[in-house]
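Report on one structure; see the data block that follows.
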Ligand code: FAD
């Protein structure tokens, strides 16, 4: 009998334990289910759908090169898999573990009717593999990271199978074009293709290109004006490469990759947290934040829109928000600055910002997005103090963001390195660029007052 291979955020053929096991058992029917029902409000956002479209096309062509193909179906994962199994006479499903709460619910539902075999490979180590001395899950990143390091390197990744046994008859498949995953918003996402090549081949090429640079990562990663980070996040989110593959390649680069590998461990850390707190994306991990006096979004709508459009009058924030809109990605340092500005200077609930990121990031990831937003807000399990309020203008100078601002805020391109971070202070603001929507000191004081009121 054929076996089903259920693809989710693991759109690759190499180091794919579910595929390797399925291919050893018999004819394989690879299935991708577009399931917006199980995740409900966490259904994929627009930028992710753009990525998914291209990644599925790439996966299908790699499968075809191996005598197989990708069956596309739409609906609730458990119902769809049960239907495909019935049509094809399969009773077993192989898949990788995923830790988003909706995936865990879907797995339970699938396991009610089919023999579901789940494999590791989404993370460096499965959640729970490392525990504190008292046997509980780690809540703080640094000791977690140290414990993970002791188990590294991960298991050596295995190559893609050369051929995948095909069933005698293929079940029906939807056509990818009919799914209309590409956004139909005019002028949006058109430029994504300039920056990105979704799919396993693009992901591996990205890893290879980064290996020469990994030695410079410890300093380069903080400078938004240069391409100093790997830009692997969407590839890792969609599982087009495994973290184990990235780990081994980085270690073999001949450079000291320690700092980079620690960032990869942040990804494991975030996924461990959503296992412990499945509502991490929608609820404060620290309950005192439930009493925070965030501004009502109806009153703050103008400010929220200015943030989304990159028109706050803070060049570094605006550059980041426009990079996000244009490319589906934002530099990590700038994500921190832009998120902090929304939460603290504008006193807008982190969940609104996280939702915007969810819709616009090609790497939108439930664990990484929720854990990082709550880290910035101070409401997370392991978090920055709310009272440590980043000064956007100082950050912009410190991390040398002048060229980054010139690229993304062309109205300011003619300003000097001195003036560009804070045009108002240098009397250099062109008319086309907005004045600051709130002063730094005013925003800071309002945020601190709200925090102290919450603590009372
Ligand atoms: P590199 O610096 O090259 O790091 C390599 C990989 O390590 C990344 O691809 C990513 O998988 C992982 N990683 C790095 N930093 C982090 C981190 N802080 N937390 C978790 N994993 C990390 N990352 C996402 O993948 N999806 C998100 O939705 C997301 N939302 C974020 C929201 C905010 C407010 C902030 C501050 C950060 C967010 N991040 C998110 C984390 C980080 O900004 C991105 O992973 C990183 O910028 C991706 O670029 P890169 O691949 O070049 O990273």
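The values are calculated or read from the model by the stated rules, or taken from the named source; none is laboratory data. On a predicted model such as this, the values are computed, not experimentally measured, just so you know. Neighbour counts run over all protein chains shown; Cβ positions are idealised from the backbone, glycine included.
For residue 174, all conditions in the list (1) surrounded by fewer than 16 Cβ atoms within 10 Å (Cβ to Cβ); (2) out of contact with any strand residue (DSSP E or B) (no Cβ under 6 Å at 6 or more places or on another chain) hold save one; what is the number of the exception?
Here residue 174 clears every test but (2).
Within region 387-408, can you find the residues that are surrounded by fewer than 24 Cβ atoms within 10 Å (Cβ to Cβ) and within 28 Å of residue 452 (Cβ to Cβ)?
387, 388, 389, 390, 391, 393, 394, 395, 398
Given (1) surrounded by fewer than 18 Cβ atoms within 10 Å (Cβ to Cβ); (2) more than 9 Å from the ligand (Cβ to nearest atom); (3) under 30 Å from residue 130 (Cβ atoms), identify the lone condition not met by residue 281.
It is condition (1) that residue 281 fails.
If you check residue 23 against the conditions, is it buried (at least 20 other Cβ atoms within 10 Å of the Cβ), closer than 15 Å to residue 167 by Cβ and out of contact with any strand residue (DSSP E or B) (no Cβ under 8 Å at 6 or more places or on another chain)?
Details: buried (at least 20 other Cβ atoms within 10 Å of the Cβ): yes; closer than 15 Å to residue 167 by Cβ: yes; out of contact with any strand residue (DSSP E or B) (no Cβ under 8 Å at 6 or more places or on another chain): yes.
Here the answer is yes, as residue 23 does meet what is asked.
Here's a check for you: in region 374-387, which residue that is more than 9 Å from the ligand (Cβ to nearest atom) and without any contact (Cβ under 8 Å) to a residue 40 or more places away in the chain is farthest from the chain's Cα centre (by Cα)?
So the residue we want is 385.
Could you tell me whether residue 331 is near the ligand (Cβ under 7 Å from one of its atoms), surrounded by 24 or more Cβ atoms within 10 Å (Cβ to Cβ) and not assigned by TED's automatic domain parsing to the domain that holds residue 220? Outline the logic, then answer.
Working: near the ligand (Cβ under 7 Å from one of its atoms): yes; surrounded by 24 or more Cβ atoms within 10 Å (Cβ to Cβ): yes; not assigned by TED's automatic domain parsing to the domain that holds residue 220: yes.
So residue 331 passes the test.
Is it the case that residue 122 is touching a strand residue (DSSP E or B) at 6+ places or on another chain (Cβ under 6 Å) and either in the same structural domain as residue 75 (by TED's automatic domain parsing) or under 24 Å from residue 53 (Cα atoms) (or both)? Even if it seems obvious, please write down each step before you answer.
Numbers: touching a strand residue (DSSP E or B) at 6+ places or on another chain (Cβ under 6 Å): yes; either in the same structural domain as residue 75 (by TED's automatic domain parsing) or under 24 Å from residue 53 (Cα atoms) (or both): yes.
Against the criterion (touching a strand residue (DSSP E or B) at 6+ places or on another chain (Cβ under 6 Å) and either in the same structural domain as residue 75 (by TED's automatic domain parsing) or under 24 Å from residue 53 (Cα atoms) (or both)), residue 122 qualifies.
Look at residue 337 and say whether it is more than 6 Å from the ligand (Cβ to nearest atom), touching a helix residue (DSSP H, G or I) at 6+ places or on another chain (Cβ under 8 Å), modelled with pLDDT of 95 or more and in a loop (DSSP other than H, G, I, E, B). Spell out the reasoning first.
Numbers: more than 6 Å from the ligand (Cβ to nearest atom): yes; touching a helix residue (DSSP H, G or I) at 6+ places or on another chain (Cβ under 8 Å): yes; modelled with pLDDT of 95 or more: yes; in a loop (DSSP other than H, G, I, E, B): no.
Answer is no for this residue.
Can you tell me which residues in region 307-328 are over 23 Å from the mean Cα position of the chain (by Cα) and surrounded by 20 or more Cβ atoms within 10 Å (Cβ to Cβ)?
Going through region 307-328, the residues over 23 Å from the mean Cα position of the chain (by Cα) turn out to be 311-315.
Answer for region 307-328, where residues must be over 23 Å from the mean Cα position of the chain (by Cα) and surrounded by 20 or more Cβ atoms within 10 Å (Cβ to Cβ): 312, 314, 315.
Within region 414-428, does at least one residue satisfy the condition of being over 20 Å from residue 322 (Cα atoms), within 15 Å of the ligand (Cβ to nearest atom) and not in a loop (DSSP other than H, G, I, E, B)?
Checked region 414-428: no residue is over 20 Å from residue 322 (Cα atoms), within 15 Å of the ligand (Cβ to nearest atom) and not in a loop (DSSP other than H, G, I, E, B).
Within region 354-373, can you find the residues that are touching a residue at least 40 places away in the same chain (Cβ under 8 Å), in a helix (DSSP H, G or I) and within 9 Å of the ligand (Cβ to nearest atom)? Talk me through it step by step, then tell me what you get.
Our first condition is that a residue be touching a residue at least 40 places away in the same chain (Cβ under 8 Å); within region 354-373, this holds for 354, 356, 358-372.
Still in the list and also in a helix (DSSP H, G or I): 354, 356, 358-360, 366-372.
Correct list: 354, 358, 366, 367, 368, 369, 370, 371, 372.
Quick one: is residue 263 surrounded by 18 or more Cβ atoms within 10 Å (Cβ to Cβ) and within 12 Å of the ligand (Cβ to nearest atom)?
Details: surrounded by 18 or more Cβ atoms within 10 Å (Cβ to Cβ): no; within 12 Å of the ligand (Cβ to nearest atom): yes.
Considered against the rule, which asks whether it is surrounded by 18 or more Cβ atoms within 10 Å (Cβ to Cβ) and within 12 Å of the ligand (Cβ to nearest atom), residue 263 comes out as no.
Tally up the residues in region 94-108 that are in contact with a helix residue (DSSP H, G or I) (Cβ under 6 Å, 6 or more places away or on another chain) and within 12 Å of residue 119 (Cβ to Cβ), please.
Counting residues in region 94-108 that are in contact with a helix residue (DSSP H, G or I) (Cβ under 6 Å, 6 or more places away or on another chain) and within 12 Å of residue 119 (Cβ to Cβ) gives 3.
Looking at region 225-240, which of its residues are near the ligand (Cβ under 10 Å from one of its atoms) and touching a residue at least 60 places away in the same chain (Cβ under 8 Å)? Break it down stepwise before answering.
Of all residues in region 225-240, those near the ligand (Cβ under 10 Å from one of its atoms) come to 227-237.
Passing the criteria: 229, 231, 233, 234, 236, 237.
Name the one entry in 92, 8 that is over 29 Å from the mean Cα position of the chain (by Cα) and in contact (Cβ under 8 Å) with a residue 12 or more places away in the chain.
Numbers: 8 fails: over 29 Å from the mean Cα position of the chain (by Cα).
It is 92.
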